[in-house]
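Asker: Quick one: structure below, then a few questions.
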Amino acid sequence: MYTTELKDKSQKQAATPLSAEDPERLAAFEARVAADDFIEPKDWMPDAYRKTLVRQISQHAHSEIVGMLPEGNWITRAPSLRRKAVLLAKVQDEGGHGLYLYAAAETLGTSRDEMVEALHSGRAKYSTIFNYPTLTWADIGAIGWLVDGAAIMNQVPLQRTSYGPYARAMVRICKEESFHQRQGYEIMTTLAKGSAEQKRMAQDALDRWWWPSLMMFGPPDDNSPNSAQSMRWRIKRESNDEIRQRFVDATVPQAEAIGLSIPDADLKWNEARDAYDFGAIDWEEFYAVVRGEGPVAKERMAARVSAREDGRWVREAALAHAEKRAVRLAAE
Amino acid sequence: MSKEWPLWEVFIRAKNGLAHKHAGSVHAADARMALEAARDTYTRRMEGVSLWVVPSVSITASDPGEAEALFAPAQDKVYRHPTFYTVPDGVKNI
Ligand SMILES: [Fe+2]
Ligand SMILES: [Fe+2]
């Protein structure tokens, strides 16, 4: 998901071994977290907790920001003024989500520049889902419905994550997400009920986005090495497979309701489990995308880097102006 | 790398009659820009009628390590709460 533990290159070795830290403070910290207390910026925390949070929150922030690109691609081509206003508002929300999260990460002692630098140099990761192209208008429907739907599933439990600023950012984000999924589903519904060609377009978008959406929840639990620690620290509240299953169970009936079919021959209701069984996920594809081999990974990074570079003179001029004014005001 | 814009803390008054409450932070070159960024970032859904922005460096916070010394003494002063006192049965309006 947006917050899947994707190792970045700086994480060659695990951070400071926990044993190197003051055992008494560590025990007090663990007890607080276990009691569902929140940790706030100035509180003592183990180094590994801080590092894991910075990685997870900044990865999440990068995902929100890079996630504006695939949808931004369709703003000027939205089929009506209503759709255009909605898409614009949604993409603006995602920008806001990125900013809330960067601010939360900054409370841990990292700077905005450091995080952006890590993203642009390829050291930091972002969700693999945004390295797929948006080929048709139906993709905007599929993203809202599936990608935001998956994001919500993952983000709702994070409202109770142990780090206060992160939890508060998630509360805000969750409040704003709910319309994102609905507007996407509405687009899909309209297309699915439209002409044969429109319905084909909707089905094609579902076919292409379904599996990447399931991959958003991250590797299967038995192959998710840092999960146990993150669960213990309440940085993560539910396992990848649990949330993935919940997403499948919620989404299949939604597809059926509008006459679209999930592209999975093995998908079947399992009475005994009270859940859907579904086919095997192609993790090779996932890891390839993580490595930066996604279909549009290079374009995504190029777009972010040029936005940063093209705006540099504006940022510098604004700062120079502010400094000059401050000096003038002080002299008055 | 050029210098980062300073950080500002954002406070929102949800409606008149309520106090301003901390909402988050923004980076901005100056106060005017901080207000505009705060408006775009934190009030897209009618969250407020008034904004404060304060340079983050201007905030002095208490040290969590001193929390006990600062706040615990209040714990044994239960006589500051009305429930500490006994009132005879049947007595009203007190
Ligand atoms: Fe978002
Ligand atoms: Fe969203």
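The values are calculated or read from the model by the stated rules, or taken from the named source; none is laboratory data. Keep in mind that this is a model prediction, so the values were computed, not measured. Backbone-built Cβ (ideal geometry, glycine too); neighbour counts: all protein chains shown. Surface areas here come from the heavy atoms of the whole protein model, side chains and all, with no ligands, DNA or RNA. Shrake-Rupley method; radii C 1.70, N 1.55, O 1.52, S 1.80 Å.
Asker: Can you list residues from other chains, or at least 5 along the same chain, whose modelled amide H is less than 5 Å from the amide H of A:Ile235?
Answerer: A:Ser162
Asker: When a/c reaches 1.5 or more, the comparison of a/b and b/c decides; with that in mind, is chain A rounded, prolate or oblate per its Cα gyration tensor?
Answerer: Cα axes put chain A in the oblate bin.
Asker: According to the square roots a ≥ b ≥ c of the eigenvalues of the Cα gyration tensor, what is the shape class of the stretch A:120-167, taking rounded for a/c under 1.5, prolate for a/b larger than b/c otherwise, and oblate for the remainder? Spell out each step's value before the answer.
Answerer: Values: a/c = 4.08, a/b = 1.40, b/c = 2.91.
Note, shape of the stretch A:120-167 comes out oblate.
Asker: Still on this structure: Quick one: longest stretch of chain A between exposed loop trypsin sites (Lys or Arg not before Pro), exposed meaning at most 13 other C-beta atoms within 10 Å and loop per DSSP?
Answerer: The longest uninterrupted stretch comes out as A:43-122.
Asker: With springs connecting C-alpha atoms under 10 Å apart, model chain A as a Gaussian network and identify which of A:Leu267, A:Leu81, A:Leu319 has the largest mean-square fluctuation.
Answerer: A:Leu319
Asker: Report, as an integer, the average count of C-beta atoms from other chains found within 10 Å of each Cβ along B:32-43.
Answerer: That works out to 2 on average.
Asker: Quick one: what are the phi-derived ³J(HN,Hα) couplings along the stretch B:21-31, Karplus 6.51/-1.76/1.60 with θ = phi - 60°, whole Hz, x for glycine and proline?
Answerer: 10, 5, 10, x, 9, 9, 9, 7, 6, 8, 4
Asker: Hey, got the dipole for the stretch A:234-295? About the Cα centre, +1 on K and R Cβ, -1 on D and E Cβ, debye to the nearest 20? Spell out each step's value before the answer.
Answerer: On the way: 8 positive and 14 negative charges, 82 e Å.
Rounded to the nearest 20 debye, it is 400 debye.
Asker: Then there's this: Could you pull out every residue, at least 5 positions away or on a different chain, whose amide H is within less than 5 Å of the one on A:Ala275? Hs are placed 1.01 Å off N in the peptide plane, and Pro or chain starts have none.
Answerer: A:Asn270
Asker: Quick one: Karplus J couplings for the stretch A:206-222, per residue in order, coefficients 6.51, -1.76, 1.60, θ = phi - 60°, nearest Hz, x for Gly and Pro?
Answerer: 4, 4, 7, 9, 4, 5, x, 5, 5, 6, 4, 7, x, x, x, 3, 6
Asker: First obtain the Kirkwood hydrodynamic radius of the stretch A:114-262 from its Cα pairs, then insert it into the Stokes-Einstein equation at 4 °C and 1.567 mPa s, and state the resulting D in µm² per second as a whole number. List each step's numbers first, then the result.
Answerer: Details: Rh = 16.6 Å.
Answer, rounded: 78 µm²/s.
Asker: While we're here: Equivalent-ellipsoid semi-axes (√(5λ), Cα gyration tensor) for the stretch B:7-83, whole Å, largest first?
Answerer: 33, 18, 8
Asker: Also: For B:Ala23, which sequence-distant residues (separation of 5 or more, or a different chain) have an amide H within less than 5 Å of its own amide H, given hydrogens modelled in the peptide plane?
Answerer: Hits under the 5 Å cutoff: B:Val10, B:Phe11, B:Ile12.
Asker: Over all directions, average the projected area of the Cα convex hull of the stretch A:35-101 and note it in nm².
Answerer: 6.1 nm²
Asker: Now for a different question. With 32 Å as the limit, write out which pairs from A:Lys51/B:Lys3; A:Lys51/A:Lys175; A:Lys84/B:Lys3; A:Lys175/A:Lys324 have Cα-Cα distances beyond it, or answer none.
Answerer: From the list (A:Lys51/B:Lys3; A:Lys51/A:Lys175; A:Lys84/B:Lys3; A:Lys175/A:Lys324), the Cα-Cα distance tops 32 Å for A:Lys84/B:Lys3; A:Lys175/A:Lys324.
Asker: Would you work out which of B:Gln75, B:Ser56, B:Ala38 lies farthest towards the positive end of the dipole of the stretch B:7-83, given +1 charges on the beta-carbon of Lys and Arg and -1 on that of Asp and Glu, about the Cα centre?
Answerer: Farthest along the dipole direction, towards plus: B:Ala38.
Asker: Suppose accessible area is computed on protein heavy atoms with a 1.4 Å probe; arrange B:Tyr85, A:Tyr49 from highest to lowest. Walk me through the numbers on the way to the answer.
Answerer: On the way: B:Tyr85 125, A:Tyr49 0 Å².
Correct descending sequence by accessible area is B:Tyr85, A:Tyr49.
Asker: Would you kindly derive the ³J(HN,Hα) couplings of the stretch A:256-265 from the backbone phi angles with the Karplus curve 6.51 cos²θ - 1.76 cosθ + 1.60 (θ = phi - 60°), listing them in order in whole Hz, with x for Gly and Pro?
Answerer: Values, residue by residue: 4, 4, 10, x, 9, 10, 5, x, 8, 5 Hz.
Asker: List the lysines whose Cα lies under 26 Å from the Cα of A:Lys268, skipping any in the same chain that are fewer than 8 positions away.
Answerer: Result set, ordered by chain and number: A:Lys193, A:Lys199.
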